[in-house]
1. Output the qualifying pairs, or none if there are none: Cβ atoms under 7 angstrom, residues six or more apart or on different chains, first residue in region 159-181 and touching a residue at least 40 places away in the same chain (Cβ under 8 Å), second residue buried (at least 21 other Cβ atoms within 10 Å of the Cβ) and part of a helix (DSSP H, G or I).
2. Out of the residues in region 1-43 that are under 23 Å from residue 151 (Cβ atoms) and part of a loop (DSSP other than H, G, I, E, B), state the one that is modelled with the lowest pLDDT.
3. Among the residues of region 151-189, count how many are touching a helix residue (DSSP H, G or I) at 6+ places or on another chain (Cβ under 6 Å), at pLDDT 95 or above and either surrounded by 20 or more Cβ atoms within 10 Å (Cβ to Cβ) or under 30 Å from residue 26 (Cβ atoms) (or both).
4. Consider residue 242 against the criteria (1) touching a strand residue (DSSP E or B) at 6+ places or on another chain (Cβ under 7 Å); (2) under 23 Å from residue 171 (Cβ atoms): it satisfies all of them except one. Which criterion is unmet?
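The values are calculated or read from the model by the stated rules, or taken from the named source; none is laboratory data. Being a predicted model, the structure only gives us computed values, none of them experimental. Here Cβ is always computed from backbone atoms with ideal geometry, including for glycine, and neighbour counts include all displayed protein chains.
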């Protein structure tokens, strides 16, 4: 494997607050929220938005370099040029088929490693990407490390709180996530009246909630509307630098459309995008949004 230091300008051994932070941007509002939080702390940022995922309008005001999903060489060259040693990966992403990707030369050299990474779940893939990036001289940081205000707070977001029945559903969902975590399946489940309704897989959280709405419309979900909770939490031993579970206003809207009582997220271990909008959406839909502490669940 080529050394990072064999081409282009050298990087600082350790990055300081005056050195730019590279933010690799997927979809959604969180990458911009992270960029703004970092700028408020006085550190410059350089965005590396991924084509097809990141929002061009949101990215436009920032110094940025567009790149395709597997342009490892382009990222490495431009990040070195910008003197970015610290890197944050943040935003929504969809895993494409490996054979559909168009590789640059650097990525082709890494193809055997990339192929092995694809043979597993998302955490396995993302952790491998992070290790590869570090092997080439960069330092991977979690979005929550540079912008802790994006983390889900404990307690209620919005005016509604979960009932005792909701808390029991949340506890069951949390236990299920711990049990399936080693299989690297997903970060979300839905439990209604102690009944597991759905487990997140390749469709993602919003897709899972849409599936529940369809099942309810078809009579396959018999629990009353307003019962049940979407529960999201990291997998055990997950690399939390690059794939924390996330909720936003759309999550709340889709949970309400699925007929659930609310959304429960591990406090301090998940990201909340646009918290003011989340609270507004929750109150409008009459559902709770709750940051739970494992120690306080029944």
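1. These pairs meet every condition: 160/282; 162/170.
2. Our first condition is that a residue be under 23 Å from residue 151 (Cβ atoms); within region 1-43, this holds for 15, 17, 21-43.
Restricting the remaining residues to those that are part of a loop (DSSP other than H, G, I, E, B) gives 15, 17, 26, 28-29, 41-43.
Values: 15: 64, 17: 69, 26: 88, 28: 91, 29: 93, 41: 95, 42: 96, 43: 97.
Residue satisfying both the conditions and the ranking: 15.
3. At the first step, the residues of region 151-189 found to be touching a helix residue (DSSP H, G or I) at 6+ places or on another chain (Cβ under 6 Å) are 151, 157-159, 184, 188-189.
When the remaining residues are screened for being at pLDDT 95 or above, the result is 151, 157-159, 188-189.
When the remaining residues are screened for being either surrounded by 20 or more Cβ atoms within 10 Å (Cβ to Cβ) or under 30 Å from residue 26 (Cβ atoms) (or both), the result is 151, 157-158, 188-189.
Residues flagged as touching a helix residue (DSSP H, G or I) at 6+ places or on another chain (Cβ under 6 Å), at pLDDT 95 or above and either surrounded by 20 or more Cβ atoms within 10 Å (Cβ to Cβ) or under 30 Å from residue 26 (Cβ atoms) (or both) within region 151-189 amount to 5.
4. Exception for residue 242: condition (2).
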